[in-house]
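In what follows, a structure is listed as structure tokens, so that the remarks can point back to it.
Rule-based calculations on the coordinates, nothing more; no lab input. Keep in mind the model is a prediction, meaning the values are calculated, not measured. Note that each Cβ is placed from the backbone with ideal geometry, even for glycine, and that neighbours are counted across all protein chains shown.
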Amino acid sequence: MDADFPELSPNVYRDTWCGQVLGDRVDKAVRVSGWVHRRRDHGGLIFIDLRDRTGVVQLVFNPDEAGGSFELGHRLRSEFVVSVVGRVLTREPETVNPDLPTGQFEIHVTGAEVLAESDTPPFAIEGFNAEVGEEARLRHRYLDLRREPMQRAIELRHRLTTSMRRFLDAEGFLEIETPILTRSTPEGARDFLVPSRQHRGSFYALPQSPQLFKQMLMVSGFERYFQVARCFRDEDLRADRQPDFTQLDIEMSFVDSEDIITLNERLMAHLLGEMGIDVQIPFPRMGYDEAIQRFGSDKPDTRYGFEITDLTEILRGTEFKAFGGVIESGGAVRGINFGRRELSRAQLDGLIDDAKELGAKGLVWAFREGDGWRAPIAKFLSAEELSGLNTAMDAEEGDLMLVAADQPAKVAAILGGLRTRLAERWGLIPEGENQLTWIVDWPMFEFNADEDRWDALHHPFTAPSGEFDPADPGSARAQAYDLVWNGVELGGGSIRINSPELQSQVFTALGISLEEAADRFGFLLEALRYGAPPHGGIAFGVDRFAALLAGVDSIRDVIAFPKTASGGDPLTGAPAPVDDVQMRDVGIALRKPAKPGSA
RNA sequence: GGGGGUGUAGCUCAGUUGGUUAGAGCGCUGGCCUGUCACGCCAGAGGCCGCGGGUUCGAGUCCCGUCACUCCCGCCA
């Protein structure tokens, strides 16, 4: 494992790491302890691969050398914990194992002791049958974590957070803890609630992020704060979402966006550099509107093309109702040229299903053929329209074009989603390339049609750019920035509002009355009255960051004890009912009987 | 909340149109084996086919429901 693992101070269990049984130990007596990784029992000669955190070393039990320990060697089974003494010898050339760092050496056991026996593990810790279902892995997570990939992932995560702390410490940041039991602020995600025993009927909430605390720390004059902070959101899970997750949370005073962006570029270059990834700073920046236009996403993966082309003007007034109707009602028609591809009819139908899954009413596919299209809808389009479309999408003979029509935001989301799916499916994403991009110039608000109100795109404490007109929230821009790495949102932040008046105006624009604002966030508004410096910050998703660095698809693979997609933990059985006494203590009664399955 | 996928031995999986006693590899147990390292050879144990109901002479297989896991949409300021 780690080549520069620290020297071991000898104790009763060992004086040498398994991974350190190398040339300088030859002919020396050593004591090692660890787990039985694999046993090869030849009857008259027994080989044991012994494993500790640093690696694996071969033990040889020979009746001529091992004496009474030979019998014990016979009894050893997978994952027994043993301590052995023996002499390190160089292996005969023909018995060297080139796949093992310690493969030129072995320990000839002269004495051995079983420190702990083990039941037969439910799945293999090592070896070629390494594919194990995730549920089994989570039920016995302590065993799963013994496995090499998990050991490496957890170690990588440690190196990442350590590296964050080192960099930020050197830049004058203080790591300050903020409460886990705090107050519900019913914006944003659903809160996890904790009933209060001492204040019956009242609840703590677990923080969705330390946002308000870090702003108050700026009011307190700490100027540079960070925290590797646990955050909690009671929403449905995904491969990249857990109900409790970790953020690197940063806040600074007397800064503008530029200061935060440049500091974080240096932070990223430092972190990635330590992980062996070289990146150029400064990172390119892209406006939010441009990202949506060209890539259909606020976290565009710029490692590959297939950008989105707007076709609305070409098709304005077209005979084809599905397009013309949408355009008349203020919608847009956009398309992507996916290049020359052979697809079966079933595959093309599959693309339509993909589009529908992404919320499309339909999807038009077409191949360029001569000056026109080979497509089910080709006959509804005029020759001028077809050639205009081919030109706009830069289509060459045989190129596959996918076209969708809907309201602009929706068509962008559909084609953006399709673009990533197809790039993944056809293996069109360049490996080993790293694109870090700032998305800047965000709108302050987006209109929520269902609730007939404006919602903050970032959060309600984000400072607007320039003059703010509460009467026209749609045109307000935010001093916000997201950092996107290869199509994954690594983190985002903003300059915050440091004036209570402006903060109140933003609440008003969001339809939050002053009474409501005072009730929910009064403590922050009050803090802002006592000399709040200009301040801003950013937060990064540590789990996602670690998963990307580890090259795994799910953040569960970089979390020691993660939860399943339904928010449960097969290891502890959480969540679980509690007994009546506990319920009574906190003054809680269930409205309905507990769900039968959940116990 | 909605959609897709999966559920058979400890693990990973196969199981034909519904047909007699449900299989494989690995692991496990016992025996043999002094240079293996995915050790080898021989023998053996191991099954609520997720659960409940239905159709049928007969269900791992078909139907309905349900639970769990997983991916996606909604949701995640």
Next on the checklist: With every atom except the alpha carbons ignored, what do you get for Rg and Dmax of the range A:1-154, in angstroms?
Outcome noted: 15.3, 46
Checklist outcome for this item: Plugging the Cβ-Cβ distance of A:Lys321 and A:Thr185 into 1/(1 + (r/R0)^6) at R0 = 51 Å yields, to the nearest 0.05, a FRET efficiency of 0.60
Checklist entry - What area, in nm² and to one decimal, does the C-alpha convex hull of the range A:45-128 cast on average over all directions? => result 6.0
Checklist entry - Hey, quick one: spin label on A:Glu446, modelled 7 Å out along Cα-Cβ, who in the range A:297-317 has an amide N within reach, i.e. under 11 Å? => result A:297-299
Checklist entry - How do the peptides A:428-438, A:314-324 rank, highest first, by the average count of neighbouring beta carbon atoms within 10 Å per residue? => result A:314-324, A:428-438
Checklist entry - How do A:378-387, A:48-57 rank on mean C-beta neighbours within 10 Å, highest first? => result A:48-57, A:378-387
Item to check | Cα gyration tensor shape for the range A:84-149, rounded if a/c is under 1.5, else prolate or oblate | outcome: oblate
Checklist outcome for this item: Number of Lys pairs in chain A closer than 17 Å at Cα, excluding neighbours under 8 places apart unless interchain, is 5
Item to check | Largest-first principal axis extents, alpha carbons of chain A, Å | outcome: 94, 70, 54
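Across the range A:473-599, how large is the tail of the calculated P(r) beyond 21 Å, expressed as a percent of all Cα pairs?
Considering the range A:473-599, 67 percent of its Cα-Cα pairs are separated by more than 21 Å.
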Item to check | Sorted peptide list for A:328-337, A:5-14, A:175-184, A:285-294, criterion being average Cβ within 10 angstrom, highest first | outcome: A:328-337, A:285-294, A:175-184, A:5-14
Checklist outcome for this item: Rounded to one decimal in Å, the inverse mean reciprocal Cα-Cα distance for the range A:485-536, i.e. its Kirkwood radius, is 12.5
Checklist entry - With each label point set 7 Å from Cα along the Cα-Cβ vector, what nm distance links A:Thr110 and A:Thr312? => result 8.5
Next on the checklist: Taking a ≥ b ≥ c as the square roots of the Cα gyration tensor eigenvalues, with a/c under 1.5 meaning rounded and otherwise prolate when a/b beats b/c, else oblate, which class fits the range A:123-256?
Outcome noted: oblate
Next on the checklist: Can you compute log10 of I(q)/I(0) for the range A:367-467 with the Debye formula, treating each Cα as one identical point scatterer, at q = 0.12, 0.21 Å⁻¹?
Outcome noted: -0.70, -1.15
Checklist outcome for this item: Applying the gyration tensor rule to the Cα atoms of the range A:503-566 (axes a ≥ b ≥ c; rounded if a/c under 1.5, else prolate if a/b exceeds b/c, else oblate), the class is prolate
Checklist entry - Which number do you get for Rg(Cα) / (2.2 N^0.38 Å) in the range A:151-221? => result 1.49
Checklist entry - For the range A:19-81, what D do you get in µm² per second when you plug the Kirkwood radius from alpha-carbon pairs into Stokes-Einstein at 20 °C and 1.002 mPa s? => result 175
Item to check | Chain lengthening between A:Val12 and A:His74 when straightened (0.36 nm per residue, less Cα-Cα) | outcome: 20.0 nm
